[in-house]
Every structure is written in structure tokens, then in C-alpha cells.
Amino acid sequence: MKNKRIIGIILTVVILLLILFIAMQFTNEVNWSLTDFVIAGTLLLATGLLCELVIRKIKNTKYRIVICTILVIALIILWIELAVGIFGSPIAGS
């Protein structure tokens, strides 16, 4: 059961990245390099695995939800910063 969730997380990340890769074949709107795929895969996989760790280690459901929500919000903020540089930090290339 526990390993099925990890496999599900990995497959979800692969499918999301595959969708982007396929989109690159049909449009110029998606223009990612290998580095973009590696960073996106790392961010998505790390967030998924951290949420899995929280689910396994924290018994209180409310704490699980709060911590996983914080992790997802952190992912979204970091993703946006890397994509468009809303904060103008060095990681966004600003």
C-alpha cells in the first residue's frame, strides 16, 4: 500500500512532464530545455515525496493537511518565481 503511493507519485510526475514534452512537439508556446525538465521533475517529486513522508509520520489529520498545504504553496511560489520572477530573486535570473 505504501509503495503504491510512491509509485503513483513518480508516475504522476512522469506523466506531467510527458504532457509538456508532447506539447513542445506541437507548439512553440512551450519551449523547455533539459534543465527545465530536470528542475520541474525535482520540484514535483520532492514535494510529492515530502507529502508522503508527512502522511506516514504525522498521525493527526489536521496537521497532515496543513503541512502538505504549506508544501504545495511553497512549490507554487517557487515555480512561479522560476517561471516569471515575480520577486526578482537571483534564482529567477533577474
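Some points to look at:
- Candidates LEU82, LEU71, LEU20: the one that is modelled with pLDDT of 95 or more and either in contact with a Phe, Trp or Tyr (Cβ under 8 Å, 6 or more places away or on another chain) or open to solvent by less than 80 Å² (accessible area, probe 1.4 Å) (or both) is LEU71.
- Residue match in region 24-37 (condition: farther than 25 Å from ILE91 by Cβ and assigned to a helix (DSSP H, G or I)): yes
- Checked against the criteria, ILE15 counts as under 13 Å from the mean Cα position of the chain (by Cα), open to solvent by 30 Å² or more (accessible area, probe 1.4 Å) and more than 22 Å from ILE73 (Cβ to Cβ).
- For region 21-58, the set of residues classified as farther than 22 Å from ILE73 by Cβ and touching a helix residue (DSSP H, G or I) at 6+ places or on another chain (Cβ under 8 Å) consists of PHE21, GLU29, VAL30, ASN31, TRP32, PHE37, listed by residue number.
- In region 73-94, the residues that are part of a helix (DSSP H, G or I) reach residues that are modelled with pLDDT of 85 or more and open to solvent by 60 Å² or more (accessible area, probe 1.4 Å) with C-beta atoms within less than 8 angstrom, at least six apart or across chains, in these pairs: LEU82/ILE39; ILE91/LEU82; ALA92/LEU82.
- Members of region 26-46 that are exposed (fewer than 11 other Cβ atoms within 10 Å of the Cβ) and aliphatic (A, V, I, L, M): LEU34
- LEU49 being touching a residue at least 40 places away in the same chain (Cβ under 8 Å), out of contact with any Asp or Glu (no Cβ under 8 Å at 6 or more places or on another chain) and open to solvent by less than 80 Å² (accessible area, probe 1.4 Å): yes
- Any hit, region 51-58, residues being more than 17 Å from the chain's Cα centre (by Cα) and not aliphatic (A, V, I, L, M): yes
- Residue that is surrounded by the most Cβ atoms within 10 Å (Cβ to Cβ), among those in region 52-62 that are free of Cβ contacts under 8 Å to residues at least 24 places away in the same chain and assigned to a helix (DSSP H, G or I): VAL54
The values are calculated or read from the model by the stated rules, or taken from the named source; none is laboratory data. Treat the numbers as computed from the prediction; the structure is a model and nothing was measured. When we count neighbours, we look across all protein chains shown, and the Cβ atoms used for this are built from the backbone with ideal geometry, even at glycine. Note: accessible area is taken over every heavy atom of the protein model, side chains too, but ligands, DNA and RNA are not part of it. Shrake-Rupley method; radii C 1.70, N 1.55, O 1.52, S 1.80 Å.
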